[in-house]
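Each remark here refers to the structure printed beneath this line.
We did not get these values from a lab; they are worked out from the coordinates using the rules stated. For clarity, every value in this text was computed on a predicted model and none was experimentally measured.
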Amino acid sequence: MILKIGKLFIAALIFTGISAISVSAFASSGASLFGSEGCIACHAINGNGGQVGPNLSHIGSQRSLSWLKTQIINPGAHFASGSNVTLNGKSYMAIMPNHKNMPASKVDAIAEYLESLK
Ligand code: HEC
């Protein structure tokens, strides 16, 4: 019995360790930042996310990495705030918030993730 509990305990410790490692790797990935930084509230990727902004499932085939970084930091550089913009045949009100205070490492990770979506 004690042996069994001991094994279980060790198994639980190992499992906790593995999940902690994979969670921290995942947390810094562009895909998870897309969720944790709130992009997903307005943008869908592969059927998951909001409709306020354009669907980004294939954005990497339309925009360059540097364009994507600028869009995250300062969308006003591309679309006049409050104006109507047509993207992929759909009309949107340009209300994307800027992310001027987002650390460059996060901007880069999200932009690289988006650029990979072909
Ligand atoms: C409150 C809603 C909202 C949030 C939050 C938001 N966006 Fe947007 N996004 C928009 C809208 C609306 C547009 C259309 C143009 C604009 O507003 O600048 C847009 C445009 C874009 C585009 C250009 C799409 C195209 O077809 O060229 C990209 C890329 C983008 N957003 C990425 C992001 C990322 C990455 C985040 C998170 C860091 C984010 N957005 C957060 C609403 C949002």
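For Glu112 and Leu65, calculate 0.36 nm times their separation in residues minus their Cα-Cα distance, and state this gained length in nm to one decimal.
On the way: separation 47, 0.36 × 47 = 16.92 nm, distance 0.66 nm.
Net length gain for the segment: 16.3 nm.
State the extension gain, in nm to one decimal, for the chain segment bounded by Ser32 and Ser83, taking 0.36 nm per residue of separation less the distance between their alpha-carbons.
In short, 15.4 nm is gained.
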